[in-house]
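Accompanying notes for the structure given below.
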Amino acid sequence: MNEKPDFSKNANMATTAPAFLSVWDMHSYYGESYIVQGVSFNVHEGEILALLGRNGAGKTSTLRSIARVGEPDVRHGEIWLDHQPLHNMTSYEAAAAGLGLVPEDRRIIPGLTVEENLQLAQIAPPIGWSLERLYELFPRLGERRKQEGVTLSGGEQQMLSIARALARDIKVLLLDEPYEGLAPVIVDEIEKTLVHVKQQGMTTIIVEQNAVRALELADRAIILDTGSIVFDGTASEVLENSQLREEYLAI
């Protein structure tokens, strides 16, 4: 039986600060396939959490369950963001409450320019992330603001997808395989951006097959195996534990 997280403090961190995002005993299914099996964890505000594991471990399913995306089907558990319950919300309502999911396929809208993609997502008036501030964060997007979004390079499309999430003045950024197919120099650029938004107080969960890069970026790491958590601790603990990396991450 999983112990329900204490919403007054994050038991997974050496701090008495409140847990910002809390997931308790979450169980998710694709049809009758039992994918996420009683996952519980807390995330502190401003923290970067790496959600890791081998292919099929349940990483993306956990991320999509938090975001309340149509599948998988969450049949039990609670999700709280900044003391607000999300577990009975639709994906639209959870997004409005402050979750920003950047999916693996990026989903840039065809026929719209970079700027139009951002304007479509942006709340009015913007509280924290104006177009000018987003272009400062992603200079390449500023240079290509009038270019159709789907004609950008893969790395630029990833930048646009992240910028579009930020444009909604979200509270938590959820990244699904943001480095996939990108050159190391572009990954470096995206990581610098994620560090910058962390310094602005953004809370981030990153699912990434490039575990070493994710661990070097993250404060904490959770490792999943067949839908259950097998490790929850600091990212440095995983980097320093060769047995743990070999058994669950194949690195």
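For this structure, a couple of remarks:
- Residue match in the stretch 48-71 (condition: polar (S, T, N, Q), assigned to a strand (DSSP E or B), modelled with pLDDT of 95 or more and closer than 14 Å to residue 227 by Cβ): no
- Of all residues in the stretch 210-229, those satisfying the criterion of being under 18 Å from residue 60 (Cβ atoms) and free of Cβ contacts under 8 Å to residues at least 60 places away in the same chain are 210, 213.
- For the condition in contact with an Asp or Glu (Cβ under 8 Å, 6 or more places away or on another chain), aliphatic (A, V, I, L, M) and either over 21 Å from residue 45 (Cβ atoms) or in contact (Cβ under 8 Å) with a residue 60 or more places away in the chain (or both), residue 141 qualifies.
- Test result for residue 214, surrounded by 15 or more Cβ atoms within 10 Å (Cβ to Cβ) and either within 13 Å of the chain's Cα centre (by Cα) or on the phi > 0 side of the Ramachandran plot (or both): yes
- Of the residues making up the stretch 166-192, those that are buried (at least 17 other Cβ atoms within 10 Å of the Cβ) and among the β-branched types (Val, Ile, Thr) are 170, 172, 186, 187, 190.
- The set of residues from the stretch 99-156 being in a helix (DSSP H, G or I) and in contact with a Gly (Cβ under 7 Å, 6 or more places away or on another chain) comprises 114, 117, 135, 154.
- Selection from the stretch 79-93 of residues that are buried (at least 18 other Cβ atoms within 10 Å of the Cβ), free of Cβ contacts under 8 Å to residues at least 60 places away in the same chain and part of a strand (DSSP E or B): 79
- In the stretch 28-40 there is no residue matching the filter, namely being of a type in the set (Gly, Ala, Ser), under 17 Å from the mean Cα position of the chain (by Cα), assigned to a strand (DSSP E or B) and closer than 23 Å to residue 200 by Cβ.
The values are calculated or read from the model by the stated rules, or taken from the named source; none is laboratory data. These figures come from a predicted structure and were not determined experimentally. Don't worry about glycine lacking a Cβ; one is built from the backbone with ideal geometry, like all the others, and counts go over all protein chains shown.
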